[in-house]
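Working notes for the structure below.
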Amino acid sequence: MQSRKARITKRTVDATPVPAAGETRVWDTDLKGFFLRVYPTGRRVYALKYRLGPLQRIYTLGVHGSPFTPESARDAAENALRRVAVGEDPATEKKAAREALTVSALIDRYLEDGPATKPGKRASTWENDGSNLKRHIRPLLGRKVANTVTKAEAAKAVRDITVGKTAVDEKSEKKRGRAIVTGGAGVARRTLTTTAAMFAWGLEHGLVTANPFTSVKLSAAPVRERFLSREEAGRLLDGLNDTEAAGEVNPAFCDAIRLLLLTGARKTEILGLRWSEVDIERRLLVLPPERTKAGGQNGERRITLSPPALEILAKRRPTKAAQFVFPATRGDGHIVGVRRAFAKACGRAGLEGVRIHDLRHSFASFAVADGASLFLVGKLLGHASARTAERYAHLSGDPLQDAAAVIGQKLMPVDDRKANDIVKLLPRA
């Protein structure tokens with residue numbers, strides 16, 4: 001363990017090197033017992049060492065970052081020393097409070113304080129996480145002390161969600177609304193991921209001592225990718241035209257679906273589109289980081305607009321100032337509930353088993369079929385990693401096989417007919 005003395009300031013905290021092993025301690029020169037611990041992982045923690053009678057204790061104040069800065073940590077240390085002076089033991093009290101923290105209280109703390117520690121996570125994702133935790137984990141484990149939840153109990157909770165024990169259909173807080181909560185493998189998988197992340201956050205911030213959900217295993221999610229053919233895409237567009245002409249749905253829904261097919265954008269990116277995000281001159285939609293899934297890694301998202309997409313936006317250009325491209329018919333927000341219009345259009349087009357998200361997959365498949373590289377497809381779709389676009393590799397002419405064929409022909413020339421005969425003789429997998 002390495003140790004040195006210095007006044008603990010932000011400059012000191014940032015300048016303290018990360019040790020290869022063990023830990024580094026920086027003792028504050030102004031406040032006795034106040035020190036910084038730096039671990040090989042890069043984690044920086046404020047702590048206080050004090051003596052209470054014959055006992056010497058170390059009291060963890062908190063992790064550097066939100067909400068702890070050198071100044072707030074110093075204040076917390078001074079408050080703790082004042083309590084020690086009158087015979088109170090802050091370390092024992094913190095341990096008791098930590099052990100008594102229920103899962104329900106941990107959920108509240110995570111949803112209240114978590115967003116400040118994860119600025120790259122979108123508000124919509126926090127909303128979904130909150131729903132999973134409140135609707136599924138709280139009914140099953142909410143009363144249990146967080147530190148007493150065992151791996152077996154975590155696994156049972158996930159299993160109960162899978163078989164639908166937390167499913168409910170009840171009136172929601174929204175006017176004329178209902179909360180229909182379902183179970184199933186997909187819901188259980190998402191809730192498991194969310195709960196494991198919550199316990200990991202609690203572990204990082206000293207609220208829990210273990211994460212029982214990391215050891216829970218579920219089968220991999222089935223791949224559900226449906227790619228429209230060009231003929232099916234044409235039928236869908238005809239179905240939208242017919243649905244709109246019949247006056248069955250709000251025309252805004254039809255235009256939003258058309259834009260989803262023409263841009264490969266995510267549903268939330270189009271439904272919540274603002275006019276301030278539309279750049280007609282550069283033929284782009286420019287979305288801020290908080291409006292897109294990979295915004296925390298990629299920054300703003302730029303969606304390229306084709307001439308048909310520009311035509312849709314030009315048609316919708318408002319005559320007066322408006323915030324949203326697809327405003328709600330009532331209230332100040334944007335349209336929601338596009339699935340009903342999509343289902344009607346698919347019904348008229350005779351398309352089965354198509355989800356709205358499949359329009360994004362279809363856009364990518366059309367790009368690959370027209371010769372776009374996987375790197376370019378990833379850029380068009382706004383992926384955080386170029387590897388994400390590899391799922392569309394099988395849709396292309398397989399450039400790996402083309403390259404191997406060129407090398408093979410140069411080394412051992414074989415005409416195409418003979419190559420086809422060889423393939424026929426090979427056993428099927």
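The values are calculated or read from the model by the stated rules, or taken from the named source; none is laboratory data. Predicted, not measured: the structure shown is a model, and the values here were computed from it. Don't worry about glycine lacking a Cβ; one is built from the backbone with ideal geometry, like all the others, and counts go over all protein chains shown.
For the reader, a short list of remarks on this structure follows.
- Hey, GLU71 assigned to a helix (DSSP H, G or I), assigned by TED's automatic domain parsing to the domain that holds PHE34 and in contact (Cβ under 8 Å) with a residue 40 or more places away in the chain or not: no
- Look at (1) modelled with pLDDT of 90 or more; (2) touching a Lys or Arg at 6+ places or on another chain (Cβ under 9 Å) and you find that ALA91 fails only one, number (1).
- Total residues in region 344-370, condition among the aliphatic types (A, V, I, L, M) and at pLDDT below 90: 4
- Screening region 20-31 for residues that are touching a strand residue (DSSP E or B) at 6+ places or on another chain (Cβ under 9 Å) and exposed (fewer than 15 other Cβ atoms within 10 Å of the Cβ) and picking the one that is farthest from ALA73 (Cα to Cα) gives GLY22.
- Residue match in region 46-66 (condition: crowded, with 19+ Cβ neighbours inside 10 Å, within 32 Å of the chain's Cα centre (by Cα), at pLDDT 95 or above and within 30 Å of GLU290 (Cα to Cα)): no
- For GLU93, the conditions (1) in contact (Cβ under 8 Å) with a residue 12 or more places away in the chain; (2) charged (D, E, K, R); (3) surrounded by fewer than 17 Cβ atoms within 10 Å (Cβ to Cβ) are fulfilled apart from (1).
- Only one of GLU300, GLU311 that is on the phi < 0 side of the Ramachandran plot, out of contact with any helix residue (DSSP H, G or I) (no Cβ under 9 Å at 6 or more places or on another chain) and in the same structural domain as SER276 (by TED's automatic domain parsing): GLU311
- For the residues ASN147, ASN132, the requirement of being in contact (Cβ under 8 Å) with a residue 24 or more places away in the chain, surrounded by 14 or more Cβ atoms within 10 Å (Cβ to Cβ) and touching an Asp or Glu at 6+ places or on another chain (Cβ under 9 Å) singles out ASN147.
- Residues satisfying the stated conditions in region 105-129, i.e. under 14 Å from the mean Cα position of the chain (by Cα) and either without any contact (Cβ under 8 Å) to a residue 40 or more places away in the chain or surrounded by fewer than 16 Cβ atoms within 10 Å (Cβ to Cβ) (or both): PRO115, LYS118, PRO119, GLY120, ALA123, SER124, THR125, TRP126, GLU127, ASN128
- Verdict on ALA314 being assigned to a loop (DSSP other than H, G, I, E, B) and within 30 Å of ARG282 (Cα to Cα): no
- The condition (being among the β-branched types (Val, Ile, Thr), assigned by TED's automatic domain parsing to the domain that holds ALA364 and part of a loop (DSSP other than H, G, I, E, B)) is satisfied by just one residue among VAL249, VAL286, VAL216: VAL249.
- Test: residue in region 213-224 that is in contact with a Leu (Cβ under 9 Å, 6 or more places away or on another chain) and of a type in the set (S, T, N, Q): no
- Residue satisfying condition, being touching a residue at least 24 places away in the same chain (Cβ under 8 Å) and of a type in the set (Ser, Thr, Tyr), within set THR29, THR24: THR29
- Flag: GLU300 matches the condition of being out of contact with any Ser or Thr (no Cβ under 6 Å at 6 or more places or on another chain), modelled with pLDDT under 90, over 30 Å from ASP238 (Cα atoms) and surrounded by 14 or more Cβ atoms within 10 Å (Cβ to Cβ).
- Considering region 32-42, the residues that are touching a residue at least 24 places away in the same chain (Cβ under 8 Å), within 22 Å of GLU204 (Cα to Cα) and not aliphatic (A, V, I, L, M) include one that is surrounded by the most Cβ atoms within 10 Å (Cβ to Cβ), namely PHE34.
- Of all the residues in region 272-297, those that are buried (at least 18 other Cβ atoms within 10 Å of the Cβ) and either closer than 27 Å to GLU231 by Cβ or among the hydroxyl-bearing types (Ser, Thr, Tyr) (or both) number 1.
- For the condition surrounded by fewer than 22 Cβ atoms within 10 Å (Cβ to Cβ) and either modelled with pLDDT under 95 or part of a loop (DSSP other than H, G, I, E, B) (or both), GLY202 does not qualify.
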